[in-house]
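Colleague: Please find one structure pasted underneath; my questions will follow.
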Amino acid sequence: MRIKFWGVRGSIPVPGPDTLDVGGNTSCVEVRCGDVLVVLDGGTGLRLLGLDLLGKMPVEAHIFFSHVHWDHIHGFPFFAPAFLPGNTFYLYGGVNVNHTLERTLAGQMENPSFPVCLTDLAARMHFHDLTEGQTITVCEGQDTVSIKNARGNHPNGVYAYRVDHQQHSVVYCTDTEHYDVVDAQLADLCKDADLLIYDAMYLPEEYAGEVGGRPKTGWGHSTYEHGIRLARDANVKQLVLFHHDPSHTDAVIADMERRAQALFPRCVAAREGLVIDL
Ligand SMILES: [Zn+2]
Ligand SMILES: [Zn+2]
């Protein structure tokens, strides 16, 4: 299993001199499981993944959306392989409020916000509305991959995903706010996983409202401390801090990484281009 990070930010892309090391694109993670390609979220990092895939045509991929806030979908209209015939995409997501994933992706491409409609894209697209706790199994040649979801705690809803392939596992758990105790559903999803990619949007002092304005309670995001708590509780081997706040510069994230590593050594902050092999 090979995991590659194409976008690691939350909320909005933040290009510029203060984010050169970590990167400025929003959430998108590629998970290669032998011949099966799983993509987690379609933030602006998806555009870069799309450019990479142009050299590997035809493309077949299974794209799982955690939820449909902008920073998780707004790379999709710029995902070049979706414009090309011969490619096939399976797209999965929850039904948020009263819209399906398909309706929401079509909505962000509607006239006058975007000049090309979802239905004009030449690739084959198959949409799947997930139910909570569902496991999707994908078989391709020798490879069998299972992708299970669990609900997180976030405004408008969110799914975390666990990808299992040949004794290896990665959990993608972004845009979730911890409770006072470890979230039992997420701990169950993460149990004994090799790698946990976790929402570490706020520093503990920001979450508490000691710096940076009001407390962030109820905003639907976590801190590295809570990622570590979940990782320990679920016996996770390795932790990646993800979905960085747009205000966090390279220096802030490097400092957060050092603080986290002092508590949990097998921990890194996600950076664009980071590759982890399991
Ligand atoms: Zn987000
Ligand atoms: Zn969100």
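The values are calculated or read from the model by the stated rules, or taken from the named source; none is laboratory data. Please read all numbers here as calculations on a predicted model, not as lab measurements. All Cβ positions, even for glycine, are placed from backbone atoms using ideal geometry, and neighbour counts span all protein chains on display. For accessibility, only protein heavy atoms count, side chains too; no ligands or nucleic acids. Shrake-Rupley method; radii C 1.70, N 1.55, O 1.52, S 1.80 Å.
Colleague: Would you confirm, using the coordinates I've provided, whether residue 53 is in a helix (DSSP H, G or I), within 14 Å of ligand 1 (Cβ to nearest atom) and free of Cβ contacts under 8 Å to residues at least 60 places away in the same chain? Spell out how you get there, then give the answer.
Modeller: Details: in a helix (DSSP H, G or I): yes; within 14 Å of ligand 1 (Cβ to nearest atom): no; free of Cβ contacts under 8 Å to residues at least 60 places away in the same chain: yes.
Taking the combined requirement at face value, the residue does not satisfy it.
Colleague: Here's something else I'd like to know. Taking into account only those residues within the range 135-156 that are small (Gly, Ala, Ser) and surrounded by 19 or more Cβ atoms within 10 Å (Cβ to Cβ), which is farthest from ligand 2 (Cβ to nearest atom)? Talk me through it step by step, then tell me what you get.
Modeller: First, pick out the residues of the range 135-156 that are small (Gly, Ala, Ser): 141, 146, 150, 152.
Narrowing further to those that are surrounded by 19 or more Cβ atoms within 10 Å (Cβ to Cβ): 150, 152.
Numbers: 150: 16, 152: 10 Å.
Only one residue fits best here, namely 150.
Colleague: Moving to a separate point now. Restricting to the range 237-262, name every residue that is in contact (Cβ under 8 Å) with a residue 60 or more places away in the chain, in contact with a strand residue (DSSP E or B) (Cβ under 9 Å, 6 or more places away or on another chain) and open to solvent by 10 Å² or more (accessible area, probe 1.4 Å).
Modeller: Once the filter is applied, which keeps residues that are in contact (Cβ under 8 Å) with a residue 60 or more places away in the chain, in contact with a strand residue (DSSP E or B) (Cβ under 9 Å, 6 or more places away or on another chain) and open to solvent by 10 Å² or more (accessible area, probe 1.4 Å), the range 237-262 yields 245, 246, 254.
Colleague: If a residue has to be outside any loop (DSSP other than H, G, I, E, B) and among the polar types (S, T, N, Q) to count, how many in the range 210-264 make the cut? Walk me through it before giving the result.
Modeller: In the first step, residues of the range 210-264 are kept if they are outside any loop (DSSP other than H, G, I, E, B); the result is 223-233, 238-242, 244, 250-263.
Retained after the next criterion (residues that are among the polar types (S, T, N, Q)): 223, 238, 261.
Final tally of qualifying residues: 3.
Colleague: I'd like to check something: does the range 67-78 contain any residue that is part of a strand (DSSP E or B) and either touching a Gly at 6+ places or on another chain (Cβ under 9 Å) or open to solvent by 30 Å² or more (accessible area, probe 1.4 Å) (or both)?
Modeller: Of the range 67-78, the ones part of a strand (DSSP E or B) are none.
No, there is no match, as no residue in the range 67-78 is part of a strand (DSSP E or B) and either touching a Gly at 6+ places or on another chain (Cβ under 9 Å) or open to solvent by 30 Å² or more (accessible area, probe 1.4 Å) (or both).
Colleague: May I pose another question? Go through the range 157-184 and count every residue that is open to solvent by 60 Å² or more (accessible area, probe 1.4 Å) and either outside any loop (DSSP other than H, G, I, E, B) or within 16 Å of ligand 1 (Cβ to nearest atom) (or both). Walk me through how you get there before you give the answer.
Modeller: From the range 157-184, those open to solvent by 60 Å² or more (accessible area, probe 1.4 Å) are 166-168, 179-181, 184; that's our starting set.
Among the residues that remain, those that are also either outside any loop (DSSP other than H, G, I, E, B) or within 16 Å of ligand 1 (Cβ to nearest atom) (or both) are: 168, 184.
So the count comes out to 2.
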